[in-house]
Amino acid sequence: MNIVWSSEALGKLDEIERFIAQDSSQRAAVFIDRLPEKGDSIALFPEIGRVVPEFSRSDIREILFGNYRIVYRTAPLHIVILTVFEGHRKLRSEECEQE
């Protein structure tokens, strides 16, 4: 199955990298290389992630990577990574509107 990263998710990756780089640019680079790999790993098993509790919809799921939530929407022909954010906060509906 094909994975598509939304502009929202790609923007969040940039923000995360800049934030981590404040402490260590090397650690930021490693983390940002590994995070998309984790997101792309759902291609083989799209339903491996849990249903996002804020929406309780079977097509919007998430997997965890470190302290971050990778939220995605499943569709018949592809998976859209909707957003990535710190796991301590709730997902806002506007973060899931893009594809």
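Quick look at the numbers
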| read-out | value |
| --- | --- |
| Structure-derived P(r) over Cα pairs in 10 Å bins from 0, in percent - corresponding label in (i) 14, 37, 27, 13, 7, 2; (ii) 16, 52, 27, 5, 0; (iii) 10, 20, 24, 23, 11, 9, 3, 1, 0 | (ii) |
| Nonlocal amide H pairs with ILE79, under 5 Å, H built at 1.01 Å | ASN2, ILE3, VAL4 |
| For the stretch 29-34, Karplus couplings with θ = phi - 60° (6.51, -1.76, 1.60), whole Hz, Gly/Pro x | 4, 5, 4, 5, 6, 7 |
| Derived scalar couplings ³J(HN,Hα) [the stretch 11-16; Karplus, 6.51 cos²θ - 1.76 cosθ + 1.60; whole Hz; x for Gly, Pro] | x, 5, 4, 4, 4, 5 |
| Order by protection proxy (mean Cβ within 10 Å, highest first), peptides 72-80, 17-25 | 72-80, 17-25 |
| Residue-averaged [θ]222 nm for the chain, counting only DSSP H segments that reach four residues, each worth -39500 (n - 2.57) | -10500 deg cm²/dmol |
| Debye-sum result for the stretch 1-50 in log10 I(q)/I(0), which assumes one identical scatterer on each alpha carbon, at q = 0.25 Å⁻¹ | -0.94 |
| Taking the chain and dividing mean pair separation by its residue count, relative contact order in percent (alpha carbons under 8 Å, at least six apart) | 33 |
| Pairwise FRET efficiency - ASP14 versus ILE48, Cβ, R0 = 35 Å, nearest 0.05 | 0.85 |
| Amide proton proximity set for GLY49, modelled H, under 5 Å, gap of 5+ | none |
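A short reminder: the numbers here are calculations on the coordinates, not readings from a lab. Since this is a predicted model, take the numbers as computed values, not measurements. Positions of Cβ are backbone-derived with ideal geometry, glycine not excepted, and every protein chain shown enters the neighbour counts.
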